[in-house]
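Coordinate-derived values only; no laboratory data. Quantities reported herein were computed from a predicted structural model and do not represent experimental measurements. All Cβ positions, glycine included, derive from the backbone under ideal geometry; neighbour counts span all protein chains shown.
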Amino acid sequence: MQRVVLGADINALRYAFEHGLPLLYVDPKKPHHLSEDLCEWHHLYWCLSLAGKIIFANMVTSITANPDSGSLKVIYNNRTRTFEGIDKFYIFDESKIAGLPASIRMSTGVVEVLDWINVRSGMKHEHDKIENSSQFMKTILFYPTLRIDGNHDLKDICVKSYLTDTEVNQFEHSELVVKIKTQEAMKAVGIRGAGNGVGKFLSIKLESDRREINPLGHPVYSDLPENLIFRPSAQSSKSSDDYLNILMREVNFD
């Protein structure tokens with residue numbers, strides 16, 4: 001193994017596919033279920049896995065890179081394996097990789113905040129989203145709830161914000177405030193609570209489920225050795241590996 005991709009976000013999978021490279025990761029960084037990249041992520045992961053490119057899959061618990069010696073120590077399933085003779089490390093997610101140089105800063109302090117809200121009254125309406133000019137609660141997304149099986153038109157909510165590290169911890173940007181302002185926004189566009197008799201409706205009732213915080217920036221480095229390449233550009237339309245191209249054509253995940 002002369003070249004290796006480290007990480008398993010969408011760009012890591014694209015790069016591994018494009019160049020037909022082996023890939024290792026600790027956390028997969030799969031896009032959330034409302035992301036436009038989710039289907040592509042699953043498709044690329046399946047192709048790479050079937051081609052034997054994803055080494056040890058989700059069994060890896062620790063990765064240590066040694067750029068000076070060109071080696072990589074991997075702990076998986078309570079075992080240790082060391083790979084030697086690596087010329088290039090293509091790194092897309094350094095959060096769980098030891099042995100890398102210290103970064104000097106983050107490219108940006110802005111994070112994507114996803115507030116997931118369960119709707120207890122007011123699930124049925126025609127709205128798909130509400131847009132906002134502010135970066136706080138930039139988009140309120142309504143999606144078919146995953147809490148109810150089968151085909152239905154009942155919706156839960158994901159509120160998307162773009163905040164700084166400082167703003168995330170302020171009360172005015174808290175989950176409670178998001179829930180209250182979401183309810184106000186729903187009322188403003190005419191969404192009502194569940195029916196309660198002829199021409200009568202209950203109040204909208206929302207319940208905060210969880211908050212996810214995803215950094216939009218990445219670590220920035222200086223004076224890197226030539227064999228460490230961080231986040232090279234990637235595309236997945238065609239691979240240098242013929243077998244991967246066959247797999248990509250044969251399986252349609254749409």
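Some values worked out for this structure:
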item	result
The stretch 110-215: Lys pairs at Cα distance under 18 angstrom, eight or more positions apart or on different chains	27
Simple Cβ-charge dipole of the chain, Lys/Arg +1 and Asp/Glu -1, about Cα centre, in debye nearest 20	660 debye
Estimated [θ] at 222 nm from DSSP helical runs (n ≥ 4, -39500 (n - 2.57)) normalised by residues in the chain, nearest 500	-6000 deg cm²/dmol
Kyte-Doolittle at least -0.5, axis length at least 15 Å by Cα - qualifying DSSP helices, the chain	38-50, 175-188
Within the stretch 12-43, backbone nitrogen closer than 13 Å to the virtual label 7 Å beyond the Cα of residue 240 toward Cβ	15-22
Over the chain, relative contact order from alpha-carbon pairs under 8 Å, at least 6 apart, %	26 percent
Selection of GluC sites (Glu not before Pro), the stretch 156-254, meeting DSSP coil and at most 12 other Cβ within 10 Å	226
Reach of residue 238 by Cα under 27 Å, taken over lysines that are not fewer than 8 positions away in the same chain	29, 30, 53, 88
Listed peptides 25-33, 39-47 by packing density, highest first (mean Cβ within 10 Å)	39-47, 25-33
Additional length obtainable on full extension of the chain from residue 61 to residue 36, 0.36 nm per residue less Cα span	6.2 nm
